[in-house]
Amino acid sequence: MTSPLNSPLNSPLKSSPGSGAVADAPEAARGGSPMVLGAALLGFFLISLDALIVTVALPDIGRSLGGGMSGLQWVVDGYTLLFAALMLSAGALSDRIGARQAYGGGLVLFGLASAACGFAPNLGVLVAARLVQGAAAAVMMPASLALVRQGFPDQAKRARAIAIWTVGGAVAVAAGPVLGGALTATVGWQWIFFVNLPAGLLALALLTRIPPSPRLPARLDVTGQVTAVVAMGALTYGVIEGGDKGFGQPLVIASLSVALVAAATFLTAQARGAHPMLPLQLFRSRVVAVSLVIGFMLNAAYYGGVFIFSLYLQQERGQSALHAGVLFIPMTALVAVVNLASAKLAALFGPRVPMVAGQLVGAAGLLALLTVGPHTHVWTVAALMVPVGLGGALTVPALTAMLLDTVPANRAGTASALLNTGRQVGGAIAVAVFGALLAGADTFLAGMRWSMLIAAAGLVLTAATTLTLPRNRHQTAEA
């Protein structure tokens, strides 16, 4: 992404004649925008669904393919790791070949990888296919938001479109655990992956109705991309294996050392490279820097919590996959409605209000979950998880719209990639760390409580950080 980051976006199309956005405006006026939004929404649905639908199937996958706690963690983190590690380069790819073209390619690859997951004969093949799914999702995510940005040049309409776009993820969040449990209990865990195919085909059909996106000069940073993958992969491996086998093991120490060296090399490459995938000057914008931290913590709390309570309900309380999925309904059912309410609150009071409120609500829910014991009624547990879901639903739409209002239109793909990289890294690290806490604690409940306490403390800190941001959308655009 190039500066100026602090350019006003009240008239972004006038200041970005090379972006191709002006050419997109007539298409939007002719009714192209609903097609854009429908295709982007379906892709976000698939990406979000596959982050959650697998969680309630983990015990059945373990029984079918073998593998202990570390193997099950990799089924989750194999997806989120590549998703996070490739996101920034995928944003540049979206800008370079055009958002529609990148999005279509990502959809095809995602469908093929989903089929491979369903047909996986062993855990190794499943994890490998999940890695490919994550790579495809990394391409789809920034391209989908860039499509929305191009299809809705008006700021107010774009904010509403982003809120509707988040409904795709909200529906996936609501449906994921229940659908995963129902499919696992009736036709087998393999169908949690096969279900992606019809939605992907529908998104591709809508995509054919959208004109090709403009191509922009955006070079790929090979050094940055390789070191990012190595750093994230080595860190995740070190935390997962350390929790399983002990952090004093030579291989674990070596892995964490490799992660440290790769991270230092990555930062050096970004500071000195001619075409860095993550220009460090981005962080001169307070909005960008704080958005990244908030996104990291939101996903750490949410996805880490879903991972832990899926295991708690099935392994500690003996619930079936279907019943465990049903117990997540109270947590997820109101997410879509709250997403839309967040956009209205942000329009009335500025983005800080729903963001701070959402993070504090989420933290309160996590602290309430500290009271869960070995005999707590399962529907009480389900009720206590509700604030965690609502907190994220309040925060994410305002956070996303605030970030996109801050950056130039022709760099929407890179900006959305940065935010979603932070979010996916948060989810991957949380599953690794919380899994290590579960494996290292004397009891499952002790590891679960430490995990919830850490997540709650993180959300309280990021809520306080949010208060340093501008109060309203106009100030944000000028920040």
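The values are calculated or read from the model by the stated rules, or taken from the named source; none is laboratory data. No experiment lies behind these values; they were computed from the predicted model shown. Counting neighbours? That spans all protein chains shown, and the Cβs are built from the backbone with ideal geometry, glycine included. For accessibility, only protein heavy atoms count, side chains too; no ligands or nucleic acids. Shrake-Rupley method; radii C 1.70, N 1.55, O 1.52, S 1.80 Å.
Which angle from 0 to 90°, rounded to the nearest 10, does the C-alpha axis of helix 99-118 make with the longest principal axis of the chain?
Result, in degrees: 20.
Any idea how far the Cα center of the stretch 75-119 sits from the one of the stretch 234-312, in Å?
With the stretch 75-119 and the stretch 234-312 each reduced to a Cα centre, they are spaced 19 Å.
Provide the packing ranking of 260-269, 169-178, i.e. peptides ordered by the mean count of other C-beta atoms within 10 Å per residue, highest first.
169-178, 260-269
What does the helix-only formula give at 222 nm for the chain: each DSSP H stretch with n ≥ 4 adding -39500 (n - 2.57), the total divided by the residues, and the result rounded to the nearest 500 deg cm²/dmol?
One gets -25500 deg cm²/dmol as the mean residue ellipticity at 222 nm.
Helix 335-349 versus the longest principal axis of the chain: what is the Cα-based angle in degrees, 0 to 90, to the nearest 10?
With rounding to tens, the tilt is 40 degrees.
Between D154 and V337, how many nm apart are label points set 7 Å from Cα along the C-beta direction?
The two pseudo-label positions are separated by 2.8 nm.
Taking only protein heavy atoms and a 1.4 Å probe, what accessible area per residue, in Å², does the stretch 289-436 have with all protein chains in place?
28 Å²
What FRET efficiency comes out for the pair Q249/A289, r = Cβ-Cβ distance, R0 = 35 Å, nearest 0.05?
E(calc), rounded to 0.05, equals 0.50.
Would you check the accessible area of K245, probe 1.4 Å, heavy atoms only, in square angstrom rounded to 10?
130 Å²
Can you sort M232, M402 by solvent-accessible area, 1.4 Å probe, largest first?
The residues order as M232, M402, largest area first.
Please find the FRET efficiency linking H377 to V187, where r is the Cβ-Cβ separation and R0 is fixed at 25 Å, and quote it to the nearest 0.05.
The pair H377/V187 has a calculated efficiency of 0.25.
Could you state the angle between the C-alpha long axis of helix 69-97 and the longest principal axis of the C-alpha atoms of the chain, as a value from 0 to 90 degrees rounded to the nearest 10?
10 degrees
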